[in-house]
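**Q** Following this message is one structure expressed as structure tokens.
Rule-based calculations on the coordinates, nothing more; no lab input. This structure is a prediction, so every number in the text was calculated from the model and none was measured. As a convention, Cβ positions derive from the backbone with ideal geometry for all residues, glycine included, and neighbour counts pool all protein chains shown.
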Ligand code: NAD
């Protein structure tokens, strides 16, 4: 039967991926590079608007490094909805090759074609990039000092429901099935990344979030392996929660500031981090890092906001999200001082510029002007 063959193929692909994880190489050492190439991808919808402001800020912040060729900001064209549809490819091959020539990426949001809009069934560009570049850790900080909130989410980025999201089966008109995958190597590396961060930042508490009571094989494995990794970090307090109660915990003012570092499988991480970003002031305020051993990609946590474009208010998009991502990128490549400078300017702009996401607030350009003026 066709679907049995399909299932066999999925299993073979996943077994091959397990081998690739086992053989993956060490982390890029940016201090050893003569030149760091930062690929800039504008994306769709509000992407080009917020990326334009990020480029202005980075060009100013890194002007010495750019003029001495220590850093190159390289435009990567072609990761647009139009080009992806024209080439019927999630990430066209020439674009992927250009991306692989960069060390790190600052990426605008990309639209995933939807069935409802009668567009071809192309996979999310992000899912493809995370898989192709093996960006296994999605790191999303949420910080609200006045509410005593200092959270960092380590979301597994290459497995769970998303890895096989476009490989489900329609068995017949009555039954559709999707698949979820958890591997030992994939789970251990995200857990290790989270515990290493917790240790490096003063042994913060680590909370594991699953639905292991229901998804016994995949989430059960994820939970067990996280506890196994935790044994290497005896000074760190670890607990575990089901994702539904964690969604409630984040809005529970009595307990939420007790949480520090979270480890979550892909889908729960996606949902919980949007909730956390909303508590911080909206998805327009939150950046994220997609980190692998060789490559890393930094982006806003939100999407291309097509409704803002349709309502003609795209210019009011908040560029804080992509600027926060740029700050994380600078930190990742070892430019800590520049990252601190950008963070300070960003905090000042957030305190002084009223961003509402519509004409009652400031534009992305006015916000970035303020950030530029505050870079000292
Ligand atoms: P979205 O995140 O694009 O937008 C939801 C709403 O959030 C917007 O209508 C707007 O009100 C608000 N918003 C988002 N960014 C903002 C900003 N910078 N400033 C102010 N307000 C902002 O979510 P969606 O509409 O569900 O998704 C749109 C498309 O983006 C879909 O095709 C989706 O697949 C894609 N997407 C891409 C990424 C990515 O590339 N990383 C992430 C999420 C969604």
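**Q** Shape verdict for the chain, please, from the Cα gyration tensor: rounded (a/c under 1.5), prolate (a/b greater than b/c) or oblate.
**A** Since a/c stays below 1.5, the shape of the chain is classed as rounded.
**Q** Over the Cα atoms of region 86-127, compute the convex hull volume and normalise it per residue, giving Å³. Don't skip to the answer; put the middle values down first.
**A** Numbers: hull volume 3.2 nm³, N = 42.
Convex hull of Cα atoms, per residue: 77 Å³.
**Q** I've got another one for you. Can you compute the helix-only [θ] at 222 nm over the chain? Use -39500 (n - 2.57) per DSSP H run of at least 4 residues, normalise by all residues, nearest 500 deg cm²/dmol.
**A** Result for the chain: -13000 deg cm²/dmol, rounded to the nearest 500.
**Q** Let me ask you something else. Which three extents, in whole angstrom, do the alpha-carbon atoms of region 282-376 cover along their principal axes, largest first?
**A** Projected onto its principal axes, the Cα set of region 282-376 covers 40, 30, 17 Å.
**Q** Still on this model: Report the relative contact order of region 20-164, percent, no decimals, based on alpha-carbon pairs under 8 angstrom and at least 6 residues apart.
**A** Relative contact order for region 20-164 comes out at 23 percent.
**Q** In percent, how large is the relative contact order of region 279-376, given Cα pairs closer than 8 Å and 6 or more residues apart?
**A** Answer for region 279-376 is 28 percent.
**Q** Normalise the Debye intensity by I(0) for region 1-66, one equal point scatterer per Cα, no solvent, then take log10 at q = 0.12 Å⁻¹ and round to two decimals.
**A** -0.68
**Q** Between region 172-197 and region 321-376, what's the alpha-carbon centroid distance in Å?
**A** Here the two parts' Cα centres lie 34 Å apart.
**Q** Could you list 57, 251 so that the one with the fewest beta carbons within 10 Å of its beta carbon is first and the one with the most is last?
**A** 251, 57
**Q** Would you give the gap between the C-alpha center of region 279-310 and the C-alpha center of region 81-141, rounded to a whole Å?
**A** Taking the Cα centre of each part, region 279-310 and region 81-141 sit 14 Å apart.
**Q** Something else: Only bridges with both residues in the chain count here: give the DSSP antiparallel percent, nearest 5.
**A** 45 percent
**Q** Largest first and to the nearest Å, give the Cα extent of region 1-115 along each principal axis.
**A** Here the Cα extents, ordered largest to smallest, are 62, 37, 19 Å.
**Q** Do you know the relative contact order of the chain, to the nearest whole percent, from alpha carbon pairs under 8 angstrom that are 6+ apart? Before the final figure, lay out the partial values.
**A** Values: 700 pairs, mean separation 75.0, N = 376.
After rounding, I find 20 percent.
**Q** Wrap a convex hull around the Cα atoms of region 216-265, take a quarter of its surface area, and give that in square nanometres.
**A** It is 3.9 nm².
**Q** How big is D, in µm² s⁻¹, for region 79-226 by Stokes-Einstein at 4 °C and 1.567 mPa s if Rh is the Kirkwood radius over C-alpha pairs?
**A** 73 µm²/s
**Q** Two decimals is fine: what is log10 I(q)/I(0) at q = 0.18 Å⁻¹ for region 104-184, from a Debye sum with one equal scatterer on every Cα and no solvent?
**A** These q points yield log10 I(q)/I(0) values of -0.95.
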